[in-house]
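Down below is the structure, laid out as structure tokens.
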Amino acid sequence: MANKAYKFRIYPNDEQIVLFAKTFGCVRLVYNHWLDRKIKQYEQDKTAVGYTACAKEMAEMKKSEEYAFLKEVDSVSLQQSLRHLDTAFQNFFKQPKTGFPRFKSKKHNRNSYSTVCINGNIAISEGYLKLPKIGQVRLKQHRTVPSEYKLKSVTVSQTPSGKYYASVLFEYESNNEEKELHSFLGLDYSMHELYKDSNGNEPQYPRYYRQSEMKLKKEQRKLSLMQKGSKNRDKQRIKVAKLHERVSNQRKDFLHKQSRQITNAYDCVCIEDLDMKAMSQALNFGKSVSDNGWGMFVAFLKYKLEAQGKKLVKVDKFFASSQTCSCCGYVNKGTKDLAVRAWDCPECGMHHDRDVNAAINIRNEGMRIAFA
Ligand SMILES: [Zn+2]
């Protein structure tokens, strides 16, 4: 098992801001109260009060009217505060140089609290982070968290300038040992089919995906013909948005399956290092380039391979993959034209499918890099 932390910016609403402030305060109070308690106990008879004893005392304290407000915040965050204090003490005893644990002040310590995921009470979905007592907080998700990662814990913090962040810790199964590379696959990017591989295969999108893709195109056309501001157009807009979501979910699902299959079958996958943004701008393909999911597919492949100690190798994009004969190395300038789909090598006579030849070259170059 390995851990990975992701830090996300979160945007609490006014109500949540009040609750966060309350939690920061309670966590600090708990920390300071039992720090004081531990110090006094130690001075008295040189014994230590352990975590369990502190937690028991805290449970009692919450029952009193004076401290009833502690019940308003995430109870796990208070327990975590006691654990942090316990760790600080243990570190001090192990290594006195680290210094005696200090009281936390509102002024000198960053507002933060930690909580642990129990039975899915913390989760990230569709731009929101679900937190106990706080509810759904809007979150800026700048990268996809692999679906097999298990959420373990969260630390919420507030910067002095008032920004909120959630540092989310995930656990995943990993095989950190690098695998010996025996089997290689080259992938040549293709705008329509995603790629062609060095064995001549291309991904087979399921029929239902092609069908919903077609349906989306049809409904988009309908929408474009509708009068702006009309009620029907509004209805159609929602219909298109829903279809769009369905198509992108189906594609994501397919890309997961496809990258899983490749990862299980090969030790090293070689691809061209493509700048998709520049490509879509230069070729003005816009939509089709960004929509075919290549970037997402590469990301899925990379982490799935790495989780098994396997490799993804990127080959320089200036590498003349489609013009070089993968058999003898002869460079055939005549194939520069994209319309040439197949050719015979004038040097060795080998017959080439343009894309498969490119994929083989990418595989061979990737193999060279992997062993370099
Ligand atoms: Zn040749």
ask   = Here is a list of conditions, (1) over 27 Å from the mean Cα position of the chain (by Cα); (2) surrounded by 11 or more Cβ atoms within 10 Å (Cβ to Cβ); (3) within 22 Å of residue 293 (Cβ to Cβ), and residue 244 meets all of them except one; can you say which number that is?
value = (1)
ask   = Restricted to the range 292-325, and to residues that are part of a loop (DSSP other than H, G, I, E, B), more than 16 Å from the ligand (Cβ to nearest atom) and not hydrophobic (A, V, I, L, M, F, W, C), which residue is surrounded by the fewest Cβ atoms within 10 Å (Cβ to Cβ)?
value = 316
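Restricting attention to the range 326-366, report how many residues are more than 12 Å from the ligand (Cβ to nearest atom) and among the acidic types (Asp, Glu). Before you say what the answer is, go through the steps one by one.
Step one: list which residues in the range 326-366 are more than 12 Å from the ligand (Cβ to nearest atom), which gives 333-334, 336-342, 353-356, 358-359, 362-366.
From what's left, among the acidic types (Asp, Glu): 337, 353, 355, 365.
Total meeting the criteria: 4.
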query = Which members of the range 15-47 meet the condition of being surrounded by fewer than 18 Cβ atoms within 10 Å (Cβ to Cβ) and closer than 24 Å to residue 165 by Cα?
reply = 15, 17, 18, 21, 22, 25, 29, 32
ask   = From the list 331, 315, which one is more than 22 Å from residue 193 (Cα to Cα) and hydrophobic (A, V, I, L, M, F, W, C)?
value = 331
key: Those residues of the range 194-204 which are buried (at least 16 other Cβ atoms within 10 Å of the Cβ) and either over 21 Å from residue 341 (Cβ atoms) or of a type outside the set (S, T, N, Q) (or both), in sequence order   = 194, 195, 196, 197, 202, 203
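The numbers here are math on the coordinates, done by the rules we state, and not lab data. Keep in mind that what you see is a predicted model, and the values were worked out from it rather than measured. Neighbour counts run over all protein chains shown; Cβ positions are idealised from the backbone, glycine included.
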